[in-house]
Amino acid sequence: MRVGLNLLYLAPGAGGVGTYARELLPAMLDAEPGLRLTGFVSRELPEDVRRAPWAGEVEWVELPVTVTHGPPWNVLKTVGAQWGAIPALARRRRLEVVHGLANVAPLVAPGAARVVTILDLIWLRHPGVMDARARIGTRVLTRASAHRADRILTISDFVARDVRETYGVPAERIEAIPLGFRLPPAAPAAPEAEVRAALGLGDAPVVLCVAQHREHKNLEALVRALPADAVLVLPGAETEYTARLRAADARDQVRFPGWVDAAQLEALYAMARCFVLPSLEEGFGLPVLEAMGRGVPVACSDAASLPEVAGDAALLFDPHDQAAIAQALERLLRDGDLRARLAAAGRERAAAFPWSATARRTIDAYRGALASRRR
């Protein structure tokens, strides 16, 4: 099977959507000998992808666009590439399937089935996720892609329901395929004492939250719910929202280390007494599995897709109830037996999401899209 993948969005800082591509492509190549993948990428394709062990098995087609830098008309060039250049290149290569991994599929793709993964519709309800220009473009592109795709993939049942209700797409055209989890290659953790000293953590118990500094992540509520003797570490690039988090930190209990390297991040996971994700909405919730897979006890909100991901392996709370967040934190910080149970359950839960299953189901969805197109 010859498959083209719209990976124009894959740039430095792509976050969870970048993980989706980095893990799905090699898993599909392993799952289906003879699968031929063509990746349509921008000039900003990260070096770690170019140099990945599996990259030589993919035909990379670089288009003259950028997605994170440059003047406003770059948006128009990107739209032109996704709805013009990619279909033309797909036809020239006689691709059988064209798959957009981040909400956008070609409107036309002569001879090929069109598949789109709609990751989430968070931006419809939480405008702060992206700027106004990007939000308008995303709204137009996602709606059009949903209506024209032969098969829509989502990363959770929650998003599948959201797509059906928002766009009126028949259920038979939508398939929810969860993301996977894989521990990264072992990276030596930085010494705990060194990281504690660098971040000014002292001997306090550490609460860790690895999440973008965005309003829908509900981090202000987490800051306000933090017990007096704990310290919260919020790695990640600072945004305008970060100023609100600093203002909420009345007792100087929150640390903002910015970007941290792999060794520092592993040290933070190793020393964390618990991991908390208080999001109002997630399309999936990969950070939950990333903490569980490392044996860190997890508490997370009971909103959107998070109960699907966490199962019975986390403490769930109402993200709109600050007292409920505080209670979950207190339980995890004080109850060693609870932490041990959740750590064991979390490892088992994370192991239930292999990328091999995501890859196999995605390839099966390609075949389903081809069959429905050819009927």
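Give me the extension gain from E59 to R334: residue separation times 0.36 nm, minus the current Cα-Cα distance, reported in nm with one decimal.
Using 0.36 nm per residue and subtracting the Cα-Cα distance, I get 93.7 nm.
Can you work out the FRET efficiency for the pair A323 and A352, with r the C-beta to C-beta distance and R0 = 51 Å, to the nearest 0.05?
0.95
Quick one: L124, L141, L95, fewest Cβ neighbours within 10 Å first, how do they rank?
Going from least to most buried by this count: L124, L141, L95.
Which FRET efficiency value, to the nearest 0.05, is calculated for A52 and A134 with the Förster distance at 30 angstrom and r the Cβ-Cβ distance?
Here the calculated transfer efficiency is 0.60.
Of (i) 20, 29, 16, 12, 11, 7, 3, 2, 0; (ii) 28, 56, 15, 0; (iii) 27, 53, 19, 0, which one was derived for P(r) over Cα pairs in 20 Å bins from 0, in percent from the structure shown?
(ii)
In percent, what relative contact order does the chain have, based on Cα pairs under 8 Å that are 6 or more apart in sequence?
15 percent
Points 7 angstrom from Cα along the Cβ direction at D203 and T66: gap in nanometres?
That separation, rounded to one decimal, is 5.1 nm.
Given 0.36 nm per residue, what is the gain on full extension from A228 to A186 after removing their alpha carbon distance, in nm?
Here the segment from A228 to A186 would lengthen by 11.7 nm.
Taking K and R as +1 and D and E as -1, what net charge do the other residues with C-beta under 12 Å from the C-beta of E238 add up to?
After counting each charged neighbour, the total is +2.
Which trypsin sites (Lys or Arg not before Pro) does the range 12-72 hold that lie in a coil by DSSP with at most 10 other beta carbons within 10 Å?
R51
Per residue of the chain, what 222 nm ellipticity follows from adding -39500 (n - 2.57) for every DSSP H run with n ≥ 4, rounded to the nearest 500?
Result for the chain, helices only: -12500 deg cm²/dmol.
What's the exposure ranking of H99, H213, H320, going from fewest to most Cβ atoms within 10 Å?
The most exposed by this proxy come first: H320, H213, H99.
We did not get these values from a lab; they are worked out from the coordinates using the rules stated. In this text, all values refer to a predicted model and were calculated from it rather than measured experimentally. Using ideal geometry, Cβ is built from the backbone for each residue, glycine included, and neighbour counts are taken over all protein chains shown.
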